[in-house]
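This report refers to the structure that appears directly beneath it.
The values are calculated or read from the model by the stated rules, or taken from the named source; none is laboratory data. All of these numbers come straight from a predicted model, not from anything done at the bench. Ideal geometry is used to build each Cβ from the backbone, glycine not excepted, and the neighbour counts take in all protein chains shown. With ligands, DNA and RNA removed, areas are computed over all heavy atoms of the protein, side chains included. Shrake-Rupley method; radii C 1.70, N 1.55, O 1.52, S 1.80 Å.
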Amino acid sequence: MKPVRVIICGSKGRMGQALITSVKANPELQLVGEIDAGDDLSQVIDRCDVIVDFSFREATGKIAKLAAEHKKALVIGTTGHSDAEKNAVVETVKTIPCVWTSNFSTGVNTLFWITGKVASIVGPQWEIEIVETHHTAKKDAPSGTAKSLQQVIRQAIGKEAPAHALRIGDVVGDHTVTFGTSGERIELSHRASSRETFARGALRAAKWAVTQKPGLYDMQDVLGLK
Ligand code: NAD
C-alpha cells in the first residue's frame, strides 16, 4: 500500500519536531512538507493527502481554508482559539474530513470519558474543579484539554467547573479533575511525560482521516469510542 503523504504545520515547534520524528519512523507515512511561520503552504499542498496542524491559533483558519480549497484531509491539534476563530474553522472544514481535538493521547481521551461518568454519578451538588500544569512556554491558558474537560462536565450535568492553570518548568501536560463534597474527594489525574504520545495519536488520526467522508471528527471517533 502507498504511504499516506503528510505535511506538518508548525514544523519547527516542540510538537512539530516530535511529529516529524514519528512520521520518519513510520513506513505507512511519508513526510512531503514542513511548514512553519513565513512558509507558503499553498506551494506544497498538492503533494499531500493530509495536513497536520500543530502551530498557532491565528494560523489555523488559513490552513483550514487551503485544505478545503485543495480537498485535503486535515488534523488540527492547535489550541487556544477564540469562539469566533473556532466557528470560522468549523464552517470552513465542512467539505473535507477533519479531526480536531485538544488532546490526541489515548489516556486523556479515557480521562474525558471517565470524567463524564463520575460527574453523572456524583451530580451537580459536588464541587468539581480542574487543575492543569504545563511548561512555561505554553501560550494559552487554561489548556485546550482543560476546556474540553469543562465541556464534558457541562454536557454531563450542566455544571461549570473552574479550571486553574500552573506554568512550571518543562512539564509536558498534567490534568487533574477533583470532585469533592463534605467528607470525601475523588481525584482523576492524567500525566503526559512525552510529546510522542500526542504525535502518535495525531498520526493515527491522519491515517484514519484520509479514509473518511467529509465531516468534523474528534479522537473519540478515531478510537471508535462513540
Ligand atoms: P511551539 O510554540 O513549540 O510551536 C509552534 C510552532 O508553530 C512554532 O515553530 C511557530 O513558529 C509555528 N507557527 C506560528 N505561526 C505559524 C504559521 N502561521 N504557520 C505555520 N507555523 C506557525 O508550540 P507546541 O508546544 O509545539 O504546540 C503547538 C500547538 O499544539 C499549541 O497550540 C499547543 O497547545 C498544541 N498542542 C496540542 C496537543 C494535542 O494533543 N492536541 C498536544 C500538545 C500541544
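Rundown of residues vs (1) over 15 Å from Glu187 (Cα atoms); (2) buried (at least 22 other Cβ atoms within 10 Å of the Cβ); (3) modelled with pLDDT of 95 or more, yes/no style:
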site: Val118; (1), (2), (3): no, no, yes
site: Val122; (1), (2), (3): no, no, yes
site: Trp126; (1), (2), (3): no, no, yes
site: Ile130; (1), (2), (3): no, yes, yes
site: Lys139; (1), (2), (3): yes, no, no
site: Lys147; (1), (2), (3): yes, no, yes
site: Arg154; (1), (2), (3): yes, no, yes
site: Ile157; (1), (2), (3): yes, no, yes
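Filtered by the rule that a residue be buried (at least 16 other Cβ atoms within 10 Å of the Cβ) and in a loop (DSSP other than H, G, I, E, B), region 171-209 gives Val171, Val172, Arg195. Name the residues in region 159-170 that are open to solvent by 30 Å² or more (accessible area, probe 1.4 Å) and more than 16 Å from the ligand (Cβ to nearest atom), would you? Passing the criteria: Lys159, Glu160, Pro162, His164. Against the test of being touching a helix residue (DSSP H, G or I) at 6+ places or on another chain (Cβ under 9 Å), closer than 19 Å to Asn103 by Cα and near the ligand (Cβ under 9 Å from one of its atoms), the options Ile51, Ile35, Ile76 yield a single qualifying residue, Ile76. The residues in region 1-10 that are buried (at least 21 other Cβ atoms within 10 Å of the Cβ), without any contact (Cβ under 8 Å) to a residue 60 or more places away in the chain and either of a type outside the set (A, V, I, L, M, F, W, C) or closer than 11 Å to Phe56 by Cα (or both) can be counted, and the count is 1.
Considering Ala18, Ala67, Ala25, the condition of being closer than 23 Å to Ala141 by Cβ and either open to solvent by 70 Å² or more (accessible area, probe 1.4 Å) or within 15 Å of the ligand (Cβ to nearest atom) (or both) is satisfied by Ala18 alone. Name the pairs whose Cβ atoms lie under 8 Å apart, with the first residue in region 97-108 and closer than 18 Å to Thr211 by Cα, the second near the ligand (Cβ under 9 Å from one of its atoms) and among the basic types (Lys, Arg), and 6 or more positions between them or separate chains? Close Cβ pairs (under 8 Å, with a partner that is near the ligand (Cβ under 9 Å from one of its atoms) and among the basic types (Lys, Arg)) do not exist here.
The set of residues in region 83-92 that are open to solvent by 50 Å² or more (accessible area, probe 1.4 Å) and touching a residue at least 12 places away in the same chain (Cβ under 8 Å) comprises Ala88, Val90. In summary, Val99 fulfils each of the numbered conditions (1) within 12 Å of the ligand (Cβ to nearest atom); (2) outside any strand (DSSP E or B) with the single exception of condition (2).
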